[in-house]
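One structure below.
Each reported figure results from applying straightforward, stated rules to the coordinates on display, with no laboratory input. This is a predicted model, so every value here is computed, not measured. Using ideal geometry, Cβ is built from the backbone for each residue, glycine included, and neighbour counts are taken over all protein chains shown.
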Amino acid sequence: MTFLQRLRTNCSKYTAKTALEFVRDDGVTAVTYQQLEDTTLRTMGYLRAKGVREGDRVALQLPKCLPFVYLHLATMRLGAISLPLNPGYPAHELSYFLQDAEARLLFADTEIRPTLTALPGGVPAVDETVFLDTHSDEWFHALIAGHNPAECAGLAVPQDLTATCLMIYTSGTTGRPKGAELTHGNLTANITALHQAWQWQADDVLLHILPLFHVHGLLVALHGALNAGAMTILLPRFDPEKALQTLCARKCTILMGVPAIHRRLINTPDASAYDLSHVRLITSGSDRLPDDLFRKFTTTFGHVLLERYGMSETGMLISNPLHGERRVGSVGRPLPGVAVRIVQPETEEPLPDGHIGEVQVRGDNIFKGYWRQPEKTAAAFTPDGWFRTGDVGLREPDGYFTLKGRSRDLIISGGYNVYPSEVELVLAEHPAVQASAVIGCPDSDWGEIVVAIIIPHPQTHLTREAITTHCRAYLVNYKVPRRIIFVEDLPRNSLGKIQRAKLQHELCSQP
Ligand code: MCA
């Protein structure tokens, strides 16, 4: 049974049970499984009337809200492709995604209307933009009110496992971001493996504190709970005190976070006074979990974090066990249905246990390819079909994997990926920047922070403020350099390539 079929079954089975609760400062909206199905069906009717057909892209540049969930599910149920986008993208970045994806519809918050309408030539490559006031759901319900659930109730839930249903943009070491196409089969394989590994139950209560526009918050957390017929309490944004209070008051059983979130949780005043004995699972992912944080979390809350490893292109790959040793510094063993091997990077020959090499993976969870990028898709896989993760690690003799770094230039800040090249390209656009290099430096709060090292053009007076203002106009907040260093020269190798590792060594002090 596919994820969407399972969800539909859950909606008929658990009719009166709460599927979602959205918590606002001014109140809570609860949605039963029956209401979730009805609203999804109405939304499907609305989308169909807007001309959405199989394979069309529907872009969701919305803050965390219930209409996001309805639109996402309805789009996939119609056989179309859900395209979640970070609501913080400035016009420049957004415009690229829309052009590349050629979305039929864009849903955006009314607050970004001025940004979008200021785009030269209007919103690119989108048939229609629908603005929603996401402060209240009434707007959305008014939009779909003309559509009866019966209108789409007879439509078959998509069966084709190879059809793309979700597109997530990921950046890379070169070129512009690429849309990773995930299929119904991928989503199903991913969620089935996690259901089994983490033993999701219908009586689980997930506290959802992550953004919805990424694989972690969407596929691992939200889909996990819906697939199990469990209840999800969604907080619109992460606030550590509110999260701990809700966790206790609502007797939640599952919480998922990134290390930057877990660090904020342990640093909350009187953290250890919160009784989390009813919580059965707290996971950590999207970034390496530092050993000291792993240990401090246990001493603060009496809970051992479960670290797992995944990527946007693959969903979840490796996880520490629900029962058994959650090994510090290790991401655990491959999830059911996922094959993992460590290879020598140049020859791609498998390496014996204990040897460090590139992590390569296979399984029904691995994405179909990059949207309209056959060369990049081909380059991402070995000739015999293994996906090259770009991460470096080793396998212990008992099957546990440990990640040791990355073979590509990637900065992970607070669980978000930042590629130096995308920041360097923006810096190069500034008239007073002669050359630049972007690196990640360790940071005790964010894991890593983005650091820009810049050679200003002679005869210009370049300030850090000017660089920050420039970057903010073109980049989403977490990509904006948090440290800016002006230099007269940059270290280069004999081929003229900037030596980022040398800069890192010289300029980054350990946290
Ligand atoms: C916010 N800021 C950041 C970041 N987030 N700076 C660097 N890195 C970040 N990640 C900056 C803002 O620009 C702002 O700066 C200031 O910090 C405060 O912003 P605010 O939004 O209030 O921060 P926050 O609410 O404390 O957010 C921190 C956070 C958030 C909750 C840790 O970053 C977050 O939700 N991270 C999770 C990311 C995630 O879901 N990743 C999954 C990717 P200023 O004041 O100067 O404007 S999926 C994935 O990686 C794979 C598949 C996997 O395995 O999961």
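Looking only at region 298-331, count how many residues are more than 13 Å from Phe401 (Cβ to Cβ) and of a type in the set (Asp, Glu). Of the residues in that region, 2 qualify. Taking region 6-55 as the range and being touching a residue at least 12 places away in the same chain (Cβ under 8 Å), surrounded by fewer than 20 Cβ atoms within 10 Å (Cβ to Cβ) and in contact with a Pro (Cβ under 9 Å, 6 or more places away or on another chain) as the test, the residues that pass are Val23, Arg24, Asp38, Glu54. The condition (being within 12 Å of the ligand (Cβ to nearest atom) and either within 25 Å of Glu325 (Cα to Cα) or in contact with a Pro (Cβ under 6 Å, 6 or more places away or on another chain) (or both)) is satisfied by just one residue among His208, His184, His216: His216.
Scanning region 214-258 for residues that are more than 18 Å from Leu276 (Cα to Cα) and among the small types (Gly, Ala, Ser) yields Gly217, Ala221, Gly224, Ala225, Ala228, Gly229, Ala230. Say whether the condition of being part of a helix (DSSP H, G or I) and either closer than 19 Å to Met316 by Cβ or under 18 Å from the mean Cα position of the chain (by Cα) (or both) is met by at least one residue in region 252-260. Within region 252-260, one or more residues are part of a helix (DSSP H, G or I) and either closer than 19 Å to Met316 by Cβ or under 18 Å from the mean Cα position of the chain (by Cα) (or both). Selection within region 267-298: residues that are in a helix (DSSP H, G or I) and free of Cβ contacts under 8 Å to residues at least 12 places away in the same chain. The member of this set that is farthest from the ligand (Cβ to nearest atom) is Ala273. With a requirement of 3 or more residues that are in contact with a strand residue (DSSP E or B) (Cβ under 9 Å, 6 or more places away or on another chain), within 16 Å of the ligand (Cβ to nearest atom) and within 17 Å of Ser312 (Cα to Cα), the strands (runs of 3 or more DSSP E) lying completely within region 371-418 that satisfy it span 387-395, 411-413. In region 85-96, the residues that are part of a loop (DSSP other than H, G, I, E, B) reach residues that are of a type in the set (Lys, Arg) and surrounded by fewer than 21 Cβ atoms within 10 Å (Cβ to Cβ) with C-beta atoms within less than 8 angstrom, at least six apart or across chains, in these pairs: Pro90/Arg472.
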